[in-house]
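Quick notes on the structure that follows.
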Amino acid sequence: MLIFEHEDKKLNYEQDSVKISDVLKDLKLDGKKVIAANLDGEEFDLSREVSHGGVINAITTDSPEGLEILRHSTAHLMAQAVERLYPGTHFGVGPAIKDGFYYDIDVAGSITEQDLPKIEAEMRKIVGQAEKITREDLPKSEALEFFKTKNDPYKVELISEIDAPTVSLYKQGEYADLCRGPHVPDTSKLHNFKLLSVAGAYWRGSEKNKMLTRIYGTAFATPDELKTYLKRMEEAKLRDHRKLGKDLDLFSLHEEGPGFPFFHPKGVAIMNTLIEFWRREHMKRGYVEIKTPQILDRELWLRSGHWDHYRDNMYLTEIDEKPFAIKPMNCPGSILVYKTQLRSYRDLPMRLAELGIVHRHERSGVLHGLMRVRCFTQDDAHTYIEHSQIRDEVMRIMELDKYVYTQVFGFKYYVELSTRPEDSMGTDEQWQTAEAALREALESTNTPYTVNPGDGAFYGPKIDFHLEDCIGRTWQCGTIQLDFQMPARFDVTYIGEDGAEHTPVLLHRVVFGSIERFLGILIEHYAGAFPYWLAPVQVKIIPVSDKQLDYVNELRDKLMADNLRVEIDTRNEKLGRKIRDAQIQKVPYMLVIGDNEKDNNLVAVRERSKGDLGSMSYEDFLKLLAQEFNPIK
RNA sequence: GCCGGUGUGGCUCAGUGGCAGAGCAGCGCACUCGUAAUGCGCAGGUCAACGGUUCAAAUCCGUUCACCGGCUCCA
């Protein structure tokens, strides 16, 4: 006897086993959108026979679970098409992912993006054939035999590692795949998919293994959702900071300096404004600022542990035949500053901030506009504290991060706790204490976080703050790292209340992370339309003709004297043209100056999104600007 | 670093073995203009670099570099 429950409904069957689709039908849970079911937390195909009852729910394509199944089935569909078109292809793994799916394959020759339409066409053919997707449970040994015969070494490897007596196979037509399932009942359920790109991916994610070909695609429940997604990707492309950086004349990249961006006047204007804001917030919060050298004796890096744990990322040089290194981090320099005096417990927490330029050797393939570079400015600070101050200091920093990310910039962000990596220094006990301290700070502030095991710095665990960009990618910005190692290695001390010497705890932290990366994220976040306080050009003055040049120059001088970033468009162009160009440059305010304004001592204000605001006096315009959000006012 | 792709004027791109092109931007001239592109003209390229094949290479082959999409790695 089997008993199924759904909400307040109950259903009994006399027989020993029953088909999921029958149960759903009897519960009136069937429908066009239903592709699988959830029974006591486990997902089942509609065609599965079950011999136990429980709480049952239908899985529809408009739920996250349903979408995942849909995408997973589409991955299989793609694999089947690939196998038809490229016989002899070996298959790796093909899961559903955040915005779609992929399949890793080992194909003789190569597949390029030009081949995708062909594969897609074959997929549609299989959809038309409405191939039934069937599940088969079989002993591991049989499955192994099956894939050995099929000459699919990757599947053989996967099965050998499965720790269960039986495995499941999913078949559709001539295609069979090792898979946990569930899947849609047949291939005709798959319509709204698109293959997107081809890339390389190491087998099982290890660079020691062979590189396979990965085909990315996406699938949605409805054509509209697919269209919306593709449109969003198009729009994201338009926001790409590399394109906007060029169009808005913010920065450039050159072959002569791979990974070393060149910043133009407008890019620097934004960065300087960010830095001004940063200084203001930090001075308010009890930080003091230092500056330490770019190049330091190798001895220092040996002592800090960087030589042992970070050498591959360091640029080396020589001065007077002595080895030196270009700094990849600011901590050792900060420590030397701390140690210039005998410190008292009364000096703690001592918050030494530094806008430190660091160089790190990044492998050529990872460079990406401003997001991933080889030289960047960290908005760093090293805080020296007593053990008892860890929690409070971490919470103070988290508060600052929250203010900056959400209040000032309006970002969504995610918090991650990264624990001890393989290549690290210190004792297990030190790491446990440090990790526990960070956890405590997260928990006592009710901050939701995920744990990223083994991703800490080599000297301590860390809390990372990831900001989400316009296409849902996340970038690590802020970090708070707890360090018991450096202070000990450098004999950093303070005199306690008890008159004895103690070793302080060192907190490394950044808010923006890298000024360069943060600028990149902001460009995409705002799509180049920077808010008034950050805009590289805040006001563009546009004379209607060159008869107003004198008045316009006078206006510019006044605005500049009021510390505004202002430009005049003196080109011999029509008004419409000058406005268009200022709009394209996303300047927040335009002042249109014709005879009317000149004769009556007025300015005609145009705001980039609201349009013409009419004429007003200069003073009224300043009042208007004063109402704009401005955290450094 | 690895896999795949791409590299033509400041920008966006056409040109697939036979004289290097277009639009925009720039410069000059005319128009002196009222809220998203005025017209006419001029100038601008070692076709990423190096090597090879060929009577002839932007085009075919090789090497290197950079960039793009990913993987691995990271702020």
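Here, each number is a calculation from the coordinates, and none is a lab measurement. Keep in mind the model is a prediction, meaning the values are calculated, not measured. Virtual Cβ from ideal backbone geometry, glycine too; neighbours counted across all protein chains shown.
Observations on the model:
- Loop-located trypsin sites (Lys or Arg not before Pro) in the range A:1-86, at most 12 other Cβ atoms within 10 Å (DSSP): A:28, A:32
- Couplings 3J(HN,Hα) of the range A:354-361, computed from phi: 7, 7, x, 7, 10, 10, 9, 6 Hz, in residue order, whole Hz [Karplus 6.51 cos²θ - 1.76 cosθ + 1.60, θ = phi - 60°; x for Gly and Pro].
- The range A:426-548 shape via C-alpha gyration tensor axes, a/c threshold 1.5: prolate
- Legend: distances between Cα atoms for A:291/A:327; A:246/A:610; A:125/A:237; pairs beyond 20 Å are A:246/A:610; A:125/A:237.
- Environment charge at residue A:54 (Cβ cut-off 11 Å; Lys +1, Arg +1, Asp -1, Glu -1): -3
- The range A:232-344: C-alpha gyration tensor shape, a/c 1.5 cut-off, then a/b vs b/c: oblate
- Normalised by residue number, the volume inside the convex hull of the Cα atoms of the range A:531-625 is 87 Å³ per residue.
- Relative to the longest principal axis of the Cα atoms of chain A, the long axis of helix A:515-525 lies at roughly 60 degrees.
- Fewest neighbouring Cβ atoms within 10 Å first, the residues A:493, A:166 line up as A:166, A:493.
- Computed [θ] at 222 nm, helices only, for chain A once each DSSP H run of length n ≥ 4 contributes -39500 (n - 2.57): -10000 deg cm²/dmol
- At most 11 other Cβ within 10 Å, DSSP loop - GluC sites (Glu not before Pro), the range A:376-429: A:422
- Relative to the longest principal axis of the Cα atoms of chain A, helix A:390-402 runs at roughly 90 degrees.
- Using θ = phi - 60° and Karplus 6.51 cos²θ - 1.76 cosθ + 1.60, couplings along the range A:419-433 (whole Hz; Gly, Pro as x): 9, 4, x, 4, 8, 8, 10, x, 8, 4, 5, 4, 5, 4, 4
- Within the range A:534-633: Cβ-based charge dipole about Cα centre, in debye rounded to nearest 20 (Lys, Arg +1; Asp, Glu -1): 460
- Restricting the range A:395-431 to trypsin sites (Lys or Arg not before Pro) that sit in a DSSP loop and have at most 16 other Cβ atoms within 10 Å of their own Cβ leaves A:412.
- Shape call, the range A:1-102: gyration tensor on alpha carbons, a/c limit 1.5: prolate
- Per residue Cα convex hull volume in Å³ - calculated over chain A: 241
- Amide H contacts under 5 Å for residue A:133, placed H, 5+ residues apart: A:186, A:187
- This model, with +1 at the C-beta of Lys and Arg and -1 at the C-beta of Asp and Glu, gives chain A a dipole about its Cα centre of some 1780 debye.
- Of A:189/A:227; A:155/A:210; A:210/A:462; A:98/A:231; A:578/A:598, pairs whose Cα-Cα distance is over 23 Å: A:210/A:462
- Rounded tilt (10° steps) of A:140-149 against the dominant C-alpha axis of chain A: 80
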